[in-house]
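J.: Below you'll find the structure I mean.
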Amino acid sequence: DVQLVESGGGLVQPGGSLRLSCAASGDTYNDYCMTWFRQTQGKEREGVALIYYGGGNARYADSVKGRFTISQDDAKSTSYLQMNSLNTEDTALYYCARDRALRSGCVLSRTEYNAWGQGTQVTVS
C-alpha cells in the first residue's frame, strides 16, 4: 500500500503564499493520478488540483485557477501545491490522494482513491 503525508500548512495572511507537499512511500507506481482536495467542516470535499505521473494534464478548480500551481517530482514521489494570493475562502483542511489511473481518468470529479493523506490545515486570516 501507498502512504501519503502532507506538510506545509499553517496560518497565513490574505494575499500570502504557502507551498504544500505530499510525500508518498510504500508500494509506489508510475501510472497514478495525484490530486489535492480541500474540505471545510460541513461542506463537500472539493477537488482543487491534480496532475498525472510524468507531468502534464494538470487541472484546477475554477476557484483557484491562476493562483495555485500543482507540480510533481517523480523521482522523489512528491507532489507540491503552490498557493499564491490566498484569501479567506481558501481556509480548509487540505488532503492529497493518489490512485492508479489512465491519464484520461485523472479528473477532478474522481472521488475514489486507494490512498489518502491525513490532511494539513490552511488558515487564511
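The values are calculated or read from the model by the stated rules, or taken from the named source; none is laboratory data. As the structure is a prediction and not an experimental result, all values here were calculated from the model. For neighbour counting, all protein chains shown are included, and Cβ atoms are generated from backbone atoms with ideal geometry for every residue, glycine included. To get the accessible areas, we keep the full protein, side chains included, count just its heavy atoms, and leave off ligands, DNA and RNA. Shrake-Rupley method; radii C 1.70, N 1.55, O 1.52, S 1.80 Å.
J.: Looking only at residues in the range 112-125 that are touching a residue at least 40 places away in the same chain (Cβ under 8 Å), part of a loop (DSSP other than H, G, I, E, B) and farther than 29 Å from Pro14 by Cβ, which one is most open to solvent (accessible area, probe 1.4 Å)?
T.: Among residues in the range 112-125 that are touching a residue at least 40 places away in the same chain (Cβ under 8 Å), part of a loop (DSSP other than H, G, I, E, B) and farther than 29 Å from Pro14 by Cβ, the one most open to solvent (accessible area, probe 1.4 Å) is Asn114.
J.: Restricting to the range 38-58, count the residues that are crowded, with 18+ Cβ neighbours inside 10 Å and either out of contact with any Lys or Arg (no Cβ under 6 Å at 6 or more places or on another chain) or β-branched (Val, Ile, Thr) (or both).
T.: 6
J.: Please find, within the range 82-99, the residue that is nearest to Ser125 (Cα to Cα) out of those that are among the aliphatic types (A, V, I, L, M) and out of contact with any Gly (no Cβ under 8 Å at 6 or more places or on another chain). Don't jump to the end; show me each part of the working.
T.: Step one: of the range 82-99, the residues among the aliphatic types (A, V, I, L, M) are 83, 86, 92-93, 97.
With the extra rule that they be out of contact with any Gly (no Cβ under 8 Å at 6 or more places or on another chain), the set shrinks to 83, 92.
Working: Met83: 15, Ala92: 12 Å.
Filtering the range 82-99 for residues that are among the aliphatic types (A, V, I, L, M) and out of contact with any Gly (no Cβ under 8 Å at 6 or more places or on another chain), the one nearest to Ser125 (Cα to Cα) comes out as Ala92.
J.: Can you name the residue in the range 96-105 that is of a type in the set (D, E, K, R) and assigned to a strand (DSSP E or B) and, of all such residues, is surrounded by the most Cβ atoms within 10 Å (Cβ to Cβ)? Quick ask: steps written out before the conclusion?
T.: So in the range 96-105, the residues of a type in the set (D, E, K, R) come out as 98-100, 103.
Then keep just the ones that are assigned to a strand (DSSP E or B); that gives 98-100.
Working: Arg98: 25, Asp99: 19, Arg100: 15.
The residue in question is Arg98.
J.: Across the range 18-37, what is the number of residues that are within 19 Å of Gly105 (Cβ to Cβ) and among the hydroxyl-bearing types (Ser, Thr, Tyr)?
T.: Selection size over the range 18-37: 4.
J.: What is the one condition in (1) farther than 12 Å from Leu108 by Cα; (2) modelled with pLDDT of 95 or more; (3) outside any strand (DSSP E or B) that Leu93 does not satisfy?
T.: Single failed check for Leu93: (3).
J.: Given the criteria at pLDDT 90 or above, touching a strand residue (DSSP E or B) at 6+ places or on another chain (Cβ under 6 Å) and part of a strand (DSSP E or B), does Leu108 qualify?
T.: No; evaluated as a whole, the condition is false for this residue.
J.: Look at the range 62-84 and say how many of its residues are part of a loop (DSSP other than H, G, I, E, B) and surrounded by 15 or more Cβ atoms within 10 Å (Cβ to Cβ). Break it down into steps so the answer makes sense when it comes.
T.: Of the range 62-84, the ones part of a loop (DSSP other than H, G, I, E, B) are 62-67, 77, 84.
Now narrow it down to the ones that are surrounded by 15 or more Cβ atoms within 10 Å (Cβ to Cβ): 64, 67, 77.
Residues meeting the conditions: 3.
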